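Quick notes on the structure that follows.
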Amino acid sequence: MSTTIPTPSSTREAAPSLENSELNAWKADVVKAQGLVSGAFLQETLAMTRRLFIQLQRRPTTLVAGVIQPLIWLVLFGALFQNVPAGLFGESRNYGQFLGAGIIVFTAFGGALNAGLPVMFDREFGFLNRFLVAPLASRYSIVVASALFIAALSLVQTAAILALSAVLGAGLPSLPGLALVLFIVMTLVLGVTALSLGLTFALPGHIELIGVIFVTNLPLLFSSTALVPLEFMPRWLQVVASLNPLTYAIEPIRYLYLHPAWGLGSTVLQTPFAAVSLGACLAVLVVFCGLALGLIQPLLRRRIA
């Protein structure tokens, strides 16, 4: 009695296909009838966002550390430069008031840069494959859920930094100013989150993603106006800081702290190239966010669509 052992090629040919014509037709009907922002899409997005919050609830130290770290920076750096001469850091009353905007932006940037790590771990442990073969109305709900989760954490961190800054004597922007601060933070978070998720699907594993995060994190901080004014820097670093998107988020927030009567035409930054208004800074952030979202679209279509 002879036994036929299947070859690897015949095994591959006999493997069942993951393509499901009925499923694809149903998904096409949902998108065609209601668009991406359909009831099914919203339900999926909320369910996946809730999953991330459940993970956070089981590991609350992530949130606690994310809130405490920027507060420690604010207290220690503010105390370190407490006795500098008045007026050394522009119109700020003290270094803590000058530093607050930089801490807000850098904290939001750091959280958004780490946004791809949960998705990367899902990908490595096989959970992402389960999502990709599930009957979802749109797989973009995976990306949107991550963006919503990071945005919520950034709001909590920003609120904590604003509160401590006020306690330390930095004051608070006006109500319209606070609304604009949140808009600036959310625009930056959305753009950086998009780039982080793009790296998640482009890089082979979490080691490479963590490496990119470490390489880009501190250099972008020190090449911005988070810690010192632009005029303190050497000429070449002034040029680099003027091209850094973080600078165009930090300077408007700093201006809103110091000027209750602000306008979109108010000059908030003097770069080596030209004077930059508040409206121009907002435009730079919106363009940066749009470019980041546009750059990851082809990659997302290949990997999850």
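The values are calculated or read from the model by the stated rules, or taken from the named source; none is laboratory data. All figures in this text were calculated on a predicted structure; none of them were measured in a lab. In this analysis, Cβ positions are derived from the backbone assuming ideal geometry, glycine residues included, and neighbour counts consider all displayed protein chains. SASA here: full protein model, heavy atoms, side chains in, ligands and nucleic acids out. Shrake-Rupley method; radii C 1.70, N 1.55, O 1.52, S 1.80 Å.
List of remarks:
- Net charge contributed by nearby residues that have their C-beta within less than 14 Å of Pro118 (K/R +1, D/E -1): +3
- Local electrostatic count at Gln57 - Lys and Arg +1, Asp and Glu -1, tallied over other residues with Cβ under 12 Å: +4
- For the range 158-253: rounded, prolate or oblate by the Cα gyration tensor [a/c cutoff 1.5]: oblate
- For the pair Leu46 and Phe214, label points projected 7 Å from Cα toward Cβ lie 4.1 nm apart.
- Euclidean distance between Cα centres, the range 92-170 to the range 227-258, Å: 22
- Hydrodynamic radius by Kirkwood, which averages 1/r over all alpha carbon pairs of the range 230-289, in angstrom: 11.8
- Here Trp73 and Phe125 are evaluated by their C-beta separation; at R0 = 30 Å the FRET efficiency comes out at 0.35.
- Additional length obtainable on full extension of the chain from Phe232 to Arg301, 0.36 nm per residue less Cα span: 20.4 nm
- Principal axis analysis of the Cα atoms in the range 93-252 yields extents of 56, 37, 21 Å, listed in decreasing size.
- Highest average packing first - 272-281, 50-59, 185-194, Cβ atoms within 10 Å: 185-194, 272-281, 50-59
- Spin-label model, Leu172/Leu63: points 7 Å from Cα along the beta carbon direction are separated by 2.1 nm.
- Spin-label model distance (nm) - Val156 vs Phe183, 7 Å beyond Cα toward Cβ: 2.7
- Exposure of Thr62 as accessible area (Å², to 10), given a probe of 1.4 Å and all protein chains: 80
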